[in-house]
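The structure under discussion appears below in the form of structure tokens.
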Amino acid sequence: MRSLLVALFLPAACSAGLFSIGAIVGTPLTDATETTTINGINYLKNSDLYTFGPTLQMNLPAGFRVEADALYRPIAYQIATSATSSNNVSASQFRFPIMLQHHLGKFPIVKPYAEGGLAFDHIYNITQAANLLPSQPGAIVKTTNAGLVLGFGLDVKVPFVRISPEFRYTRQFSDSFQGISELNQAEFLVGFRF
């Protein structure tokens, strides 16, 4: 019965402007790891810098709204022990930010906004060197993490779609990669919502 009610009323709520659904694409401006040298071993970031995923927004009174996303990004780095020997580490990351947004001002077509909230990350599909111990630099030590998210952007209304370019900053609470994590992460994203 509950599923039937949701199926009946969700389209009406979306068309009434209570919910917006869509997709986000973008590029991380920082990688998940740092390029560094520890004990003569080079750790080189090597990720493809793209991210994408679905987004859902719920409009609230007084210019507020809640946004929840599920963003995918690949992670890769290289551990170079000498000029001729190296190991590649790769993984996939899903980030689930949940944010409160507020519109700044009342403009008809372009509406700036600020946002803040929390992001929960999960790293999976890990491929790393078999001889890499969990205590060594570069080892993945934590597959689930959280962080603080802050951002700002613009909502631009065009027929049938709202385009939202934005910058986000995420401060991770702890390392996911032993000794080489980039805890400060920034990204440029563009949302397309209906």
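Provide 45, 106 in ascending order of the number of other Cβ atoms located within 10 Å of each residue's Cβ, fewest first.
So the ranking, lowest neighbour count to highest, is 106, 45.
With just the Cα atoms defining each centre, how far is the stretch 14-50 from the stretch 70-96? Give it in Å.
12 Å
Given the options 189, 126, 156, identify the residue whose Cα lies farthest towards the positive end of the charge dipole of the stretch 115-194 (+1 on Cβ of Lys, Arg; -1 on Cβ of Asp, Glu).
Selected residue: 156.
For the chain, what is the calculated [θ] at 222 nm in deg cm²/dmol (nearest 500), taking -39500 (n - 2.57) for each run of four or more DSSP H residues and dividing by its residue count?
Only helices count here, giving -2500 deg cm²/dmol.
With only Lys, Arg, Asp and Glu charged, each at its Cβ (+1 for the first two, -1 for the last two), find how big the charge dipole of the stretch 18-193 is about the Cα centre; round to the nearest 20 debye.
480 debye
Would you work out the Kirkwood radius for the stretch 18-193? I mean one over the mean of 1/r across all pairs of different Cα atoms, in Å. Please list the in-between numbers first.
On the way: mean 1/r = 0.0578 Å⁻¹.
By the Kirkwood definition, the hydrodynamic radius is 17.3 Å.
Report, in degrees rounded to the nearest 10, the 0 to 90 angle that the Cα long axis of helix 2-15 makes with the longest principal axis of the chain.
80 degrees
Read-outs throughout are calculated quantities, based only on the coordinates presented, and are distinct from any laboratory measurement. As the structure is a computational prediction, the values presented were derived from the model and not from experiment. Here the Cβ is made from the backbone with ideal geometry for all residues, glycine too, and neighbour counts use every protein chain on show.
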